[in-house]
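Visitor: Dropping a structure here in C-alpha cells format, bear with me for questions.
The values are calculated or read from the model by the stated rules, or taken from the named source; none is laboratory data. Computed from a predicted model, the values in this text were never measured in an experiment. Every residue, glycine among them, receives a Cβ derived from its backbone with ideal geometry; neighbour counts consider all protein chains shown. Remember, those area values only see protein heavy atoms, side chains included, never the ligands or the DNA or RNA. Shrake-Rupley method; radii C 1.70, N 1.55, O 1.52, S 1.80 Å.
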Amino acid sequence: MRRFSSAWCRRLVSLAAGGALALTGVAALSAPAQAATGPLAYVANIGGNTVSVIDTSTNVVAASVTVGSSPANVAVSPAGTQAYVTNFGSDTVSVFDTATNAVTATVPVGRSPLSVALTPSGASAYVTNNGTSTVSVIDTATTSVSATVSVGSGPNGVAVAPSGSTVYVTNNYEDTVSAIDTATNTVTATIPVGSAPSGVAVSPAGTVAYVTNNGGSTVSVIDTATNTVIAGVPVGTAPNGVSFNAAGTRAYVADYGSSTVSVIDTAALTVTATVPVGSNPAQARINPSGTAVYATSQSGNQVSVINTASHTVTATITGFTGPYGMAFRPAPQASDIEVGLTAKPRLGILVPYLGYTLTARNDGPDALTSATLTATLPAGAAATDLAAGCTSANASVTCTYGPIAVGASVSKTFRVPLNLLTLGPVTVTGERTASAPADPNTANDSAALTCTALSIVLVSCP
C-alpha cells in the first residue's frame, strides 16, 4: 500500500491488512443476555470472533456473542434491539438480537468490511468495505444489501448525519472523505483532509464532522454546509476513533500511537485534557448518560473507563481479544409507577357515597407511555360517576393512564354509593395491572384503604 508501509500498523484498517488479523482468536460460546441495570456496551474483538458485552453498571463482561472472523466494529440500531457487526475476515455483517444475544442474520457484503453506521430511522446500515473501495447499504428490514456505493480508496470510518441525509466515509488510502446522499446513494462531494483519515463523527447539531488523520496527529474539522475543512486540531499520535458528547461541547479522540485519549473543547478547538489509557486505543465512546468514556485498547486487551468530570481512568476492564470498535445500547426504558388511593365520605345528601381518587405517579426514570390501574371493591359493590378512561364491572374499576412525565401524577375518580355497602369495614385496593415501559419496582404498585361505615350517614376514612 502506498506511502505508509513503515507506519502501516498505525492505521485503523492496516491492523487487518498488515497482518494483525492473522492472530489466533479465542473462540467463545454465545452467552444469553443478562439483566443489566445500566447501559450495555458491545466490544468487537478483532483478534478473535466474538463481541464482548459489558454491563456498564458493574463494568464487567457479562456475555459473549460469537460472530464472524475478526469482527472490527459494531453499531446498535436506534431502537436498541439489534447490533450490526462487521466481520473483517469473513466479508460479512452479523446481526444479533440484543435481548437474546442470538445471531439472527449474516449478510454478505464487500471485501474486508470495517465500519458500520445506521441511519437515525434504523432503516439502513452503511458498511465500509476496505478491500473493494465501496460502501454496502443494508436494508435492515430484509437484512440484505440494497445498494453498493463506490467511494475512495480504502474506505475506513463511517458516520451518518443526525438528519439522516448524508453519510461521511473516510478514504484511508487517498486522504479524502466521501459525502454520500442517502436519498440517491451517490457521492455528492469528495473532501481533502489530512494523512490517512480513519475515524469520523458528526456533531449532534450536524454542523461539523470531525475526522481523525491516522497518518499524522491531527483532527480535521469539516463544515458540513460547505463540505470544506475549516480547522485542524493537534491531538496525539495516529488518532483513530472519535465521538462527541450529547451536547456537542466535547469530542473524544483515541490516540492509537500515543496510547492516550484527547479531549477537545469544540468551541475553542483545542485539547483541554489528555488521558493516558491502555496500549493502542482504537475507539473512544461516551456512554449514554455522558458520565464516562470507554476506550478500547487493542494491544492491551482491555477497556479503560474515563470519568468525564475528572478526566481520569476510574476502571479497567479485561478479558478481551484485541478489543477494537464498540457501541452502546441504552438500558431499557423504565417507569416506576407509584399507586395512590384516597377516599372521602360525602354524607347528608340524597345518595351518600364514598368518593375515591386513584392516582398514578411516575417516579421515573423515564416517561410513562401508558398504564392501567384497577381498584377492587367490596363484594357486591358497584361504582358510579367514573372519570374519563375508567370502566366498572364485577366489583372493580379499571382506569387507563398516560402519558405521564417523570415526577408527574394523574388522578382518576369514582364513587361508591353507601347504600350498596354492608355496614362495617369497607376496603378498596388499587393496583397497577399493566404499564409501559416496564415498571422496575413492584413494591409501590398497590395501595389499600379501609373506611368504617357505622351507618350510611356515619362513615370515617383515614
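Visitor: For Thr384 and Gln333, what is the calculated FRET efficiency with R₀ set at 56 Å and r taken between the beta-carbons, to the nearest 0.05?
Guide: Efficiency at R0 = 56 Å is approximately 0.95.
Visitor: Please report the net charge: other residues with Cβ closer than 14 Å to the Cβ of Pro192, K and R +1, D and E -1.
Guide: Residues near Pro192 contribute -3 overall.
Visitor: Sorted from largest down, what three extents in whole angstroms do the Cα atoms of region 52-143 have along their principal axes?
Guide: Extents along the principal axes: 40, 28, 19 Å.
Visitor: In square angstrom, what is the accessible area per residue of region 87-209 with a 1.4 angstrom probe?
Guide: I get 31 Å² per residue for region 87-209.
Visitor: Could you please state, rounded to a whole Å, how far the C-alpha centre of region 185-218 is from the C-alpha centre of region 322-339?
Guide: Comparing the Cα centres of region 185-218 and region 322-339, I get a distance of 29 Å.
Visitor: Let me ask another. So what is the accessible area of region 305-462 per residue, in Å², with the probe set to 1.4 Å?
Guide: That works out to 47 Å² for each residue.
Visitor: Please give the calculated 222 nm ellipticity per residue for the chain, where each DSSP H segment of at least 4 residues contributes -39500 (n - 2.57) and the sum is spread over every residue; nearest 500 deg cm²/dmol?
Guide: 0 deg cm²/dmol
Visitor: Let me ask you something else. If each residue of separation counts as 0.36 nm, what is the full-extension length gain between Ala247 and Ser69 once their alpha-carbon separation is subtracted?
Guide: That works out to 60.5 nm of additional length.
Visitor: Here's another thing I want to ask about it. Can you pull the one-decimal nm distance between simple spin-label points at Ser455 and Leu423, each 7 Å off the Cα toward Cβ?
Guide: Each label point is offset 7 Å from its Cα along the Cβ direction, giving 0.8 nm.
Visitor: Which ³J(HN,Hα) values in Hz, rounded to whole numbers, follow from the phi angles of region 95-101 under the Karplus curve 6.51 cos²θ - 1.76 cosθ + 1.60, where θ = phi - 60° and Gly and Pro get x?
Guide: 10, 10, 7, 6, 7, 10, 6
Visitor: Related question: When the scattering of region 261-374 is computed by the Debye formula from its Cα atoms alone, each counted once and equally, what is log10 I(q)/I(0) at q = 0.12, 0.16, 0.19, 0.22 Å⁻¹?
Guide: These q points yield log10 I(q)/I(0) values of -0.63, -0.84, -0.98, -1.14.
Visitor: At a Förster radius of 60 Å, what calculated FRET efficiency corresponds to the Cβ-Cβ distance of Ser446 and Ser279, to the nearest 0.05?
Guide: 0.65
Visitor: Given 0.36 nm per residue, what is the gain on full extension from Thr228 to Ala123 after removing their alpha carbon distance, in nm?
Guide: The Thr228-Ala123 span can extend by a further 35.0 nm.
Visitor: Share of region 306-431's accessible area from carbon and sulfur, percent, 1.4 Å?
Guide: Carbon and sulfur: 53 percent of the exposed surface of region 306-431.
Visitor: Ok, one more. Could you order Thr442, Thr92, Thr376 by accessible surface area, starting with the largest, using a probe radius of 1.4 Å?
Guide: Thr442, Thr376, Thr92
Visitor: Once you have all Cα-Cα distances for region 89-169, histogram them in 10 Å bins from zero and send the whole-percent values.
Guide: Calculated over all Cα pairs of region 89-169, the distribution is 20, 52, 26, 2 percent.
Visitor: Quick one: net charge around Asp363, please, counting Lys, Arg +1 and Asp, Glu -1 for every other residue with C-beta under 15 Å from its C-beta.
Guide: -3
Visitor: I'd like the per residue volume of the convex hull spanned by the Cα atoms of the chain, given in cubic angstrom.
Guide: Each residue corresponds to 162 Å³ of Cα convex hull volume.
Visitor: Determine, at each q value in 0.13, 0.22 (inverse angstroms), the log₁₀ of I(q)/I(0) that the Debye formula gives when each Cα of region 214-266 is one equal point scatterer.
Guide: -0.30, -0.81
Visitor: Just need log10 I(q)/I(0) for region 159-219 at q = 0.14 Å⁻¹, Debye formula, equal scatterers on the alpha-carbon atoms, no solvent, rounded to two decimals.
Guide: Once normalised to I(0) and log-transformed, intensities are -0.35.
Visitor: Follow-up question, since we're still on this one. With all protein chains present, calculate the accessible area of Leu454 using a 1.4 Å probe and round the result to the nearest 10 Å².
Guide: For Leu454, solvent-accessible area is about 120 Å².
Visitor: If R0 is 41 Å, what FRET efficiency do you get for Ala434 and Thr291 from their C-beta distance, rounded to 0.05?
Guide: So, using R0 = 41 Å, E works out to roughly 0.80.
Visitor: Plugging the Kirkwood radius over Cα pairs into Stokes-Einstein for region 367-462, at a temperature of 25 °C and a viscosity of 0.890 mPa s, what D comes out in µm²/s?
Guide: Rounded, D is 169 µm²/s.
Visitor: So for each of 131-142, 308-319 I average, over its residues, the number of other beta carbons within 10 Å; can you give me the resulting order with the highest mean first?
Guide: Answer by packing, highest mean first, reads 131-142, 308-319.
Visitor: Hey, what D do you get for region 115-270 in µm²/s if you plug the Kirkwood alpha-carbon radius into Stokes-Einstein at 20 °C and 1.002 mPa s?
Guide: In µm²/s, the coefficient is 141.
Visitor: Turning to a different aspect of this structure: For a quick size check, give me the Cα extents of region 226-296 along its three principal axes, largest first, whole Å.
Guide: Principal extents (largest minus smallest coordinate, Cα): 36, 28, 21 Å.
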